[in-house]
């Protein structure tokens with residue numbers, strides 16, 4: 001399988017399937033197509049009908065079937081669940097699995113205020129600001145509520161023990177990983193329980209690998225770098 005992604009430094013949607021496949025030991029090759037170059041859109045359209053990353057391509061299993069092409073992060077995750085049912089893409093327990101799909105879809109469609117105010121940028125830590133507005137504050141409260149409820153209802157009682165939302169790492173954790181980075185990068189205050197979950201994600205082997213590779217990228221995108229005062233810079237681009 002071949003996963004095509006955009007810049008690891010900035011691309012939250014690319015992070016999601018990559019960290020899931022890495023955490024669950026699903027083998028794949030990858031190609032990064034950097035954003036905002038003159039040929040970026042054409043290169044992405046050669047891979048994905050949507051012209052956006054990520055996109056997973058699986059070579060045809062039988063002659064004449066054609067390659068399998070899956071774009072959009074959640075669609076890739078559902079494909080992986082069907083292809084590797086024993087890997088734990090979603091929780092095994094029906095109630096937990098239904099809940100995980102619900103909060104993953106809520107992440108996919110929601111939290112626009114936080115996502116727009118605080119673009120993912122793994123190379124910086126920014127000075128806290130108190131002018132993000134009530135919509136961002138509402139998003140943060142909702143995140144804290146989702147994580148707390150999920151851990152109490154499912155994570156702490158899971159047959160697959162662990163510190164993630166449903167015990168073991170799953171697609172739900174992958175979906176929320178980019179907002180974890182935002183809360184950390186922009187130093188947005190959260191509850192102690194939310195901070196513990198954030199530290200679990202940020203300290204996971206798969207995320208550390210992604211961030212290490214992101215910081216080694218040679219590309220910088222100007223509009224991800226303006227509007228905030230950086231208190232720490234983690235690479236020299």
Ranked by GNM mean-square fluctuation in the chain (Cα springs under 10 Å), the top entry among 15, 45, 183 is 45
What shape does the chain take by its C-alpha gyration tensor, where a ≥ b ≥ c are the square roots of the eigenvalues and a/c under 1.5 counts as rounded, a/b above b/c as prolate, and the rest as oblate?
oblate
How large is the translational diffusion coefficient of the stretch 2-88 in µm² per second when you combine the Kirkwood radius over alpha carbon pairs with Stokes-Einstein at 10 °C and 1.306 mPa s?
119
Using only Cα atoms, what Kirkwood radius does the stretch 94-210 have, in angstroms?
14.5
Taking the stretch 1-136 and dividing mean pair separation by its residue count, relative contact order in percent (alpha carbons under 8 Å, at least six apart)
23
Most exposed first, judged by fewest Cβ atoms within 10 angstrom, 103, 76, 26 run 26, 103, 76
Taking 102, 170 and counting other C-beta atoms within 10 Å, the order from fewest to most
102, 170
Counting alpha carbon pairs within less than 8 Å and at least 6 residues apart, what relative contact order, in whole percent, applies to the chain?
24
Ascending count of other beta-carbon atoms within 10 Å, so fewest first, for 129, 16:
129, 16
Go through 86-93, 155-162, 175-182 and give me the packing order, highest mean Cβ count within 10 Å leading.
175-182, 86-93, 155-162
What length, rounded to one decimal in nm, is gained on full extension from residue 130 through to residue 157, with 0.36 nm per residue of separation minus their alpha-carbon distance?
6.0 nm
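None of the figures in this text is laboratory data; all of them are computed from the coordinates on show. Predicted, not measured: the structure shown is a model, and the values here were computed from it. All Cβ positions, glycine included, derive from the backbone under ideal geometry; neighbour counts span all protein chains shown.
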